[in-house]
Amino acid sequence: MAKEIWIWQFFVAALSTIVLSAAASISSQQLNKRTIKCKPLVIAHRGASGYVPEHTLGAYALAITMGADYVEPDLVMSQDGHLIARHDNELGLTTDVAQRPEFANRSKTQTVDGKILNGWFTEDFTLAELKTLRVVERIPETRPGNARMDGFFQIPTFQEIIDLVKSLQISQKRPIGIYPEIKHSTYFQRLNLSMENLVVETFHENGYDSASSPVYIQSFEVNNLKYLKTITNLRLLQLYESDTSDQPFDQKVAGTGLTYADMATPAGLKEVATYASAVGPDKSYIIPRNADNTLGVPTNFVHDAHAVGLEVHPYTFRAENIFLPAEFRSEDSSQTAIGDLHGEIRAFIAAGIDGLFADQPDKAVATKDCL
């Protein structure tokens, strides 16, 4: 218990330092004003994952303090049917499971959504076992500062994230949204660990039950979103993989031939609008990159989506050079150096987006367009 208290004291101190730094360019009152009245919506991608290991209560808390409109947990399942937040069901990249001898015999090789993976998988662990693990930074070579917090945080449950959001709404004095992604839907259905009903039940039990609730439920698959449309009024978002020739995994299984490219045409977007309120494309659908890694000419994607009533929330905006278009990289040529994320976001705002997923939500909040 003493260690847990020390960890949280350390984190609160670190959080305060980061927030004070962000406040140099935008005050707390301005953050709240912009969150309510400005576009685009800022969705904290896996929390403030540019500053704190992703999918932790610390990352979500920091994102909210920085003014994010929504926090985004990726959801997978435990063996005993609990919703937890991990980017994938494989645990090796984001927890210390590989250093835990008591779980050495859980390592295995299996196929998830057509990809062969080796590691430790959430569906082989009870929630109690998962809670003994500690989170580590997923990309420490790019975010070595985050890696200094390895071991500080547990894997959170979906309910714990909802509880955090509701408590921080009180202190922040503003609505804060929740934007979960259902990961590997078909895969978990085959394990009798379907998430769709449980996600909706959890939301409804916590008072999120209408189209006006600050919620979007997202998926790269199609049929689960169509099913969700029949059991809830909560808003849904169709995700698009960066490889336009790829297929949603459920469509691949069903043999429909439907690709993300098909879904990005005017006719495809019109079909998506029958079950979703918004689309979440990779940024390249909106502004592709040229051969020299600079931003190219905007496509018609945003126009076509708006024409059928869909909002457009692209992913993912990240501040490190390795992720930025060439013209927005910093003079420091290292891949981990922080470049001009504001510049990139402004180009996409000009293209008409309605929301965006960001790893550094403070920078996105500070770049919003206000009336």
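The values are calculated or read from the model by the stated rules, or taken from the named source; none is laboratory data. What you see is a predicted model, and the numbers here were worked out from it, not measured in a lab. Note: accessible area is taken over every heavy atom of the protein model, side chains too, but ligands, DNA and RNA are not part of it. Shrake-Rupley method; radii C 1.70, N 1.55, O 1.52, S 1.80 Å.
The reciprocal of the average 1/r between distinct C-alpha atoms defines the Kirkwood hydrodynamic radius, which for region 241-336 equals 14.8 Å. Considering every alpha-carbon pair of region 144-187, the percent of pairs per 10 Å bin, from zero through the bin containing the longest distance, is 20, 33, 38, 9. For region 286-371, the C-alpha radius of gyration sits at 1.11 times the compact-globule guess of 2.2 N^0.38 Å, with N the residue count. Here the convex hull built on the C-alpha positions of region 185-262 has a volume of 95 cubic angstrom per residue. Report, please, the projected area of the chain averaged over directions, based on the convex hull of its C-alpha atoms, in nm². Its Cα hull, projected and averaged over all orientations, spans 18.4 nm². Distances between every pair of Cα atoms in region 170-321, grouped in 5 Å steps from 0 to the bin holding the largest one, split as 2, 9, 17, 20, 18, 16, 10, 6, 2, 0, 0 percent. Residue pairs exceeding 30 angstrom between C-alpha atoms, taken from 39/115; 115/283; 39/229; 252/363; 183/270; 115/226: 39/115; 252/363.
In whole angstrom, note down how far apart the Cα centers of region 337-370 and region 68-88 are. Rounded to whole Å, the Cα centres lie 25 Å apart.
Taking every Cα-Cα distance in region 56-140 and sorting them into 10 Å bins starting at zero, the pair-distance distribution P(r) comes out as 16, 47, 29, 9, 0 percent.
The aspartates and glutamates whose alpha-carbon is closer than 18 Å to the alpha-carbon of residue 108, local same-chain residues fewer than 8 away aside, are 88, 90, 96, 123, 124, 129.
Two tests apply to each whole DSSP H helix in the chain, Cα reach of 30 Å or more along its axis and mean Kyte-Doolittle hydropathy of at least 1.0, and the ones passing both are 2-23. With all protein chains kept in place, the per residue accessible area of the chain amounts to 42 square angstrom at a probe of 1.4 angstrom.
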